[in-house]
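Below is one structure; the comments refer to it alone.
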C-alpha cells in the first residue's frame, strides 16, 4: 500500500512547526534572562579598603538591567541605583556610580551568570580591580499556618458525636 503525501499539507505542517519552535526559543530566552538574574544577590570580597559586603537587587526588562547596589564597608554604607545595565544571554554588565570622599567614582561590573551564581569582575575607576561571586538570595517560603481541628467536647465515659454527612 503506497502512502500518498499531500505536499501542500506537508508545507503547512512544516511552517507551523518552525514558527512554534521559533516562538518557544524567543520566549525561552526572554524568560531565562528574567528568571536567571532578577532578584536579590549577595557577595563579599576583600579590597584595599577592607572587606566589602554587597547586595544587588536586579530588575530585568528585555536586555535592560536596572536595580540597586548596596555596599557595606567599614567607612559606611552606600545604596545607589545601577546604571548602564545590560544582560545578553548569560553575560551581565552594569555601572555603580559611587561618591567617595566628595569624588565621583565609576565602578564597572562585567560578569557571567551561572545558575544561582554570578561571577563578577569589578573595576573601580583607575584605582583597583576585584573579582567576586554573588549568590542568589533565596526567599524563605512562607510557612502554612496549621489550624487545630475543631474538637467536639465529650464527657468521660461517653461516645463522640456521630460524624455529619
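The values are calculated or read from the model by the stated rules, or taken from the named source; none is laboratory data. From a predicted model like this one, the values you see are computed outputs, not experimental measurements. Methodologically, a virtual Cβ is constructed for each residue, glycine included, from the backbone with ideal geometry; neighbour enumeration extends over all protein chains shown.
Of everything listed in (1) loosely packed, with under 14 Cβ neighbours inside 10 Å; (2) at pLDDT 95 or above; (3) under 16 Å from the mean Cα position of the chain (by Cα), the single unmet condition for residue 131 is (3). Scanning the stretch 119-140 for residues that are touching a strand residue (DSSP E or B) at 6+ places or on another chain (Cβ under 7 Å), outside any strand (DSSP E or B) and over 15 Å from residue 95 (Cβ atoms) returns a single hit, 137. Remark: pairs (first residue in the stretch 89-111, assigned to a strand (DSSP E or B); second residue surrounded by fewer than 12 Cβ atoms within 10 Å (Cβ to Cβ) and at pLDDT below 95; Cβ separation under 7 Å; 6+ apart in sequence or on different chains) = 97/104.
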